[in-house]
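Report on one structure; see the data block that follows.
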Amino acid sequence: GENVEQHPSTLSVQEGDSAVIKCTYSDSASNYFPWYKQELGKRPQLIIDIRSNVGEKKDQRIAVTLNKTAKHFSLHITETQPEDSAVYFCAARWNDYKLSFGAGTTVTVRA
Amino acid sequence: NAGVTQTPKFQVLKTGQSMTLQCAQDMNHEYMSWYRQDPGMGLRLIHYSVGAGITDQGEVPNGYNVSRSTTEDFPLRLLSAAPSQTSVYFCASKLGGKINEQFFGPGTRLTVL
């Protein structure tokens, strides 16, 4: 199976600053790495994903980087806004169907 | 499309009671799965199905049963509820194939007393 570790568990940033969340995975066969955002009391929703044949992907203020050699991937949020406050989960897929999730990072953006 | 739906939204059970959490999707997705979410532990896979009539165990299957008689529905049964099963349960679905977005239902918050 796959083991995904996520750090930090909590992150507090000033509005306008950047936030970075890091994850490591154990199975070199993993080939798909999504990031989910979960607001309080809501379902997880996909915000960005990256495939193993790509090193970086960007979508407006969010970006994800992947280092296959080191088996780690990161989420970067720039120019943070209060609506970015949520729990963020990384995940790794190591077959066609099974996703293994990190434990989550609670991000608080201070106004 | 309603997407992935779950019922009930909230449920309180007594230890030893049984119940079924319902999950349905109207996107003709082949793959469906059940996760439980506990504080500080992320989402853990309970059971999954790759198509009607096919189910398999995830990371934490003990105490739960599933069946998949149709493409649309994937109910999760708690056989004899225990306080350790207090959690938020999410159903999810995706198209078949290697790399596709997984869609989550709204969740069921279960408390076992």
- Item | Residue list for segment A:58-94, restricted to those being within 14 Å of chain B (Cβ to nearest Cβ), more than 12 Å from the chain's Cα centre (by Cα) and without any contact (Cβ under 8 Å) to a residue 40 or more places away in the chain | A:Asp59
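Can you tell me how many residues within segment A:1-28 are within 12 Å of chain B (Cβ to nearest Cβ) and modelled with pLDDT under 95? Even if it seems obvious, please write down each step before you answer.
Here is the first cut: in segment A:1-28, the ones within 12 Å of chain B (Cβ to nearest Cβ) are A:1-6, A:9-10, A:23.
Keeping just the survivors that are modelled with pLDDT under 95 gives A:1-3.
Residues flagged as within 12 Å of chain B (Cβ to nearest Cβ) and modelled with pLDDT under 95 within segment A:1-28 amount to 3.
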- Item | Subset of segment B:62-89 (residues that are under 11 Å from the mean Cα position of the chain (by Cα) and either within 14 Å of another protein chain (Cβ to nearest Cβ) or of a type in the set (Val, Ile, Thr) (or both)) | B:Val66, B:Phe74, B:Val88, B:Tyr89
- Taking segment A:51-69 and keeping only residues that are hydrophobic (A, V, I, L, M, F, W, C) and at pLDDT 95 or above, one is left with A:Ile62, A:Ala63, A:Val64, A:Leu66
- Query: Hey, does segment B:39-53 have a residue that's within 21 Å of A:Gly104 (Cα to Cα) and of a type in the set (S, T, N, Q)?
  - Reply: no
- Task: For residues that are more than 21 Å from A:Arg43 (Cβ to Cβ) and aliphatic (A, V, I, L, M), scanning just segment B:90-113, find the one that is nearest to the other protein chains (Cβ to nearest Cβ).
- Result: B:Val112
- Item | Residue among B:Asp73, B:Asp38, B:Asp56 that is farther than 18 Å from B:Pro106 by Cβ and of a type in the set (Asp, Glu) | B:Asp56
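The values are calculated or read from the model by the stated rules, or taken from the named source; none is laboratory data. Treat the numbers as computed from the prediction; the structure is a model and nothing was measured. Cβ: placed from backbone, ideal geometry, glycine included. Neighbour counts: every protein chain shown.
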